[in-house]
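Since the structure comes first, as structure tokens, the remarks are kept for the end.
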Amino acid sequence: EAMEALKKELTGVDLAIYLYDYAFFSMIAYRSKFNWIKYNEPEIYAKAKRYVSLTGYLNLKLCGVFKDARGMQVGYVPYQAKRQDWYRIKGVFKFMGIRRDQLPDLVPLGEEIGRITEAGHEASGLPVGLPVIASAGDKQCETLGGGVFDPSQAVISYGTMATLGTTIMHHIEDKKLKFYTFASCVPNAWNPEYSIYRGYWLVTWFCQQYAKESGMPEFLDRMNEEVVNVPPGSNGLLVFPFWTIHPGLYPHGKGMIAGWVDRHTEVDLYRAILESIAYALREGLELIEAKSRTKVQKLTVVGGGSKSDAAMQLTADIFNLPIIRLVSGEVSAIGAAINAGMWAGFYQSYEEGVRAMTHEERVFWPDARNVAVYEDIYNKIYKKVYSSNEKLFKELERYSGKSLE
């Protein structure tokens, strides 16, 4: 109903622009939270003066300025990633249910947003006059902190949301949003990024189901010890890891565990979950490589999952690439610190900052025997799961709720 109401509101040039790229603009208009407020909370919508992200809110409270970093604009907002700025086309703001004056001014990466005010000091304890420097999102900071400066390298983040990102010096995008492209921490560069919304959240979910008596930390430690004895392919158990759908790639996707037989145990399922996340990220890498016409030669893995030797080794085997574990687990903070260090003059280049702050702990090399197994499963089974079960997934939506499409 809201979408039909929006169509009636648009006229002239605005309507022509909307219809010119209808597939894209209708998708972002449908998912815009501004439009949700407009049609579901009209009284609040009428009173709203400003909209900010969490970082924009912090800048306002700490520095007293209505500004935000260009690299922090994510979600369905009228932000043009190619220009790393708000859209110049006024109609786009109408599609998304917001005015330009309601959004903050955007500050380029590595430049000063503002300084801590007396009120900011009272609220946070930070010293008055401390400069706040524009950086980027957590995953983009991880990409910089992982030392990824070009598309021959990529970084995997095995966190609650699992992601794979790289750095390119020219803008690419996927109109169906199979992957997203964000402003990099490095000026005049971009980070294409593929995400699994329920990444290592699945490990937490798994532990919650099985760690009933031993306690979650102890149970997970035992799983990491035992999983190395489970062969590649998890004794025929396969997980499709979309407990939350991927709107651009698998709009009707559902989580699936297939292949159960009576000899399987919880450790087989644990390995199958780890393998499934790596399969999914490999698929994302292939999408990015095809669009950018480049080939990744080296992967760095960060996040909680990087602590597991088994997860690191099966990632090397599934991608058939060397996988690097870093010494520090605070890679996102390192990327942000390098960005601030450039502003302060501590480093002459981003590369110098990475050399000073990022250090490799261990390299995991692919095992040719395991690679052969995973190539077979990935190409002949995993890649066919969605197409073979899409009709089933749609039927299940009658009971599980509607998907985003």
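Bear in mind that the values in this text are calculations on the coordinates, not laboratory data. The model shown is predicted, which means the values in this text are computed figures rather than measured ones. Please note: Cβ atoms are built from the backbone with ideal geometry, for glycine as well, and neighbour counts cover all protein chains shown.
For the pair residue 49 and residue 298 in one chain, pulling the backbone fully straight at 0.36 nm per residue adds 85.0 nm over the alpha carbon distance.
The calculated pair-distance distribution of the chain uses every alpha carbon pair, bins of 10 angstrom beginning at 0, and gives 5, 20, 28, 26, 17, 5, 0 percent. Among 365, 341, 164, which residue has its Cα furthest toward the positive end of the charge dipole of the chain, with +1 on Lys/Arg Cβ and -1 on Asp/Glu Cβ? Among 365, 341, 164, the one farthest towards the positive end of the dipole of the chain is 164. Sorting 287, 126 by the number of Cβ atoms found within 10 Å of their own Cβ, with the fewest placed first, yields 126, 287.
When only Cα pairs below 8 angstrom with a gap of at least 6 residues are kept, the stretch 46-134 shows a relative contact order of 34 percent. Of the trypsin sites (Lys or Arg not before Pro) found in the stretch 351-405, those that fall in a DSSP loop while having at most 11 other beta-carbon atoms within 10 Å are 402.
Working from Cα pairs under 8 Å separated by at least six residues, relative contact order for the stretch 136-405 is 23 percent. The magnitude of the dipole of the stretch 252-405, with charges of +1 and -1 set on the Cβ of Lys/Arg and Asp/Glu and taken from the Cα centre, is near 400 debye.
Against the empirical curve 2.2 N^0.38 Å, the C-alpha radius of gyration of the stretch 46-134 lands at a ratio of 1.16. Can you give me the C-alpha center-to-center distance between the stretch 268-292 and the stretch 7-51, rounded to a whole angstrom? What the calculation gives is 34 Å, centre to centre.
Note on the chain: helix-only mean residue ellipticity at 222 nm, from DSSP H runs of 4+ residues weighted -39500 (n - 2.57) and normalised by residue number, equals -13500 deg cm²/dmol. Of 292, 152, 306, the sequence from fewest to most neighbouring Cβ atoms within 10 angstrom is 152, 292, 306. Magnitude of the charge dipole for the chain, about its Cα centre and with charges confined to Cβ atoms of Lys, Arg (+1) and Asp, Glu (-1), is about 1360 debye. Given R0 = 30 Å, the distance between the Cβ atoms of residue 257 and residue 289 translates into a calculated FRET efficiency of 0.55.
Remark: 156, 17, 113 ranked as 17, 113, 156, counting other beta-carbon atoms within 10 Å and listing the fewest first. Working note: Karplus 6.51/-1.76/1.60 with θ = phi - 60° gives the stretch 197-206 the couplings 4, 10, x, 6, 4, 4, 5, 4, 4, 4 Hz, where Gly and Pro are set to x. To the nearest 0.05, how large is the calculated FRET efficiency for residue 122 and residue 100 if R₀ is 25 Å and r is the Cβ-Cβ distance? With R0 = 25 Å, the Cβ-Cβ based efficiency is 0.20.
To the nearest Å, what is the center-to-center distance of the stretch 139-157 and the stretch 241-264, using C-alpha atoms only? Measuring centre to centre over Cα atoms gives 28 Å. Starting from the Cα of residue 212, step 7 Å toward the Cβ, then list every residue of the stretch 260-276 with an amide N under 18 Å from that point. Under 18 Å, as judged by backbone N against the label point of residue 212, lie 264-270 of the stretch 260-276. Multiplying the residue separation of residue 57 and residue 367 by 0.36 nm and subtracting their alpha-carbon distance yields 106.8 nm. The phi-based Karplus calculation (6.51 cos²θ - 1.76 cosθ + 1.60; θ = phi - 60°) puts the 3J(HN,Hα) values of the stretch 48-62 at 4, 9, 9, 10, 9, 6, 4, 5, x, 5, 5, 4, 5, 6, 7 Hz, whole numbers, x for Gly and Pro.
For GluC sites (Glu not before Pro), the sites in the stretch 1-106 that DSSP calls loop and that have at most 14 other Cβ atoms within 10 Å are 1.
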